[in-house]
């Protein structure tokens, strides 16, 4: 997702704000200040996000953020519904895969926050854990249902040693296999961090 003034954020999270502190020709260089939450736009959730004993984003091994990737097209699932284990059984998921979930969320344009976004159920999350994947990404600002009231799929994934990418824009991506690279900022002690995510066609 592009970071810009007025972009959508998860309700209750800090707004994205960029302000120019210095500018040419009045100053010798241009300098901007950015203020935002670490879960803004495309970002990584580390286990510390849901567990005080979990590791922070800077402690995660780099192999979580790079490797063979499978994008699964799940745009048939309606808004407000969750992705379940049955939705993944046709996919050729391999142990160690990075799995990206393309849903109808990507088609919204991310212009206004949508409470009935497509999410990952606990059942679906457990299926991915059992298949031995290392990282799961989804095309909205949260992987679990809006206002679930408890940890749900976040905990199923993070407590089982997986890493989560949220806020991916998969609108122009076709289902298939790729190489994925998504490196989060190395913020010491943070439970999450913004990332630049790219897919490379094999």
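All of the numbers you see were taken from the coordinates with simple rules; none came from a lab. Computed from a predicted structure; not experimentally measured. Please note: Cβ atoms are built from the backbone with ideal geometry, for glycine as well, and neighbour counts cover all protein chains shown.
When DSSP beta bridges are limited to those with both residues in the chain, what percentage is antiparallel, rounded to the nearest 5?
Bridges in the chain are about 65 percent antiparallel.
Using helices alone, I'd like the mean residue ellipticity at 222 nm for the chain: each DSSP H run of four-plus residues gives -39500 (n - 2.57), total over residue count, nearest 500.
Numbers: 3 runs with 20 residues, N = 202.
It lands at -2500 deg cm²/dmol.
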Among 176, 109, 149, the residue with the largest mean-square fluctuation in a Gaussian network model of the chain built from Cα contacts under 10 Å is 149
The ratio Rg/Rh over the Cα atoms of the range 37-201, Rh being the Kirkwood inverse mean 1/r radius, stands at 0.92
Where does each of 136, 71, 9 land when they are ranked from fewest to most other beta-carbon atoms within 10 angstrom? 9, 71, 136
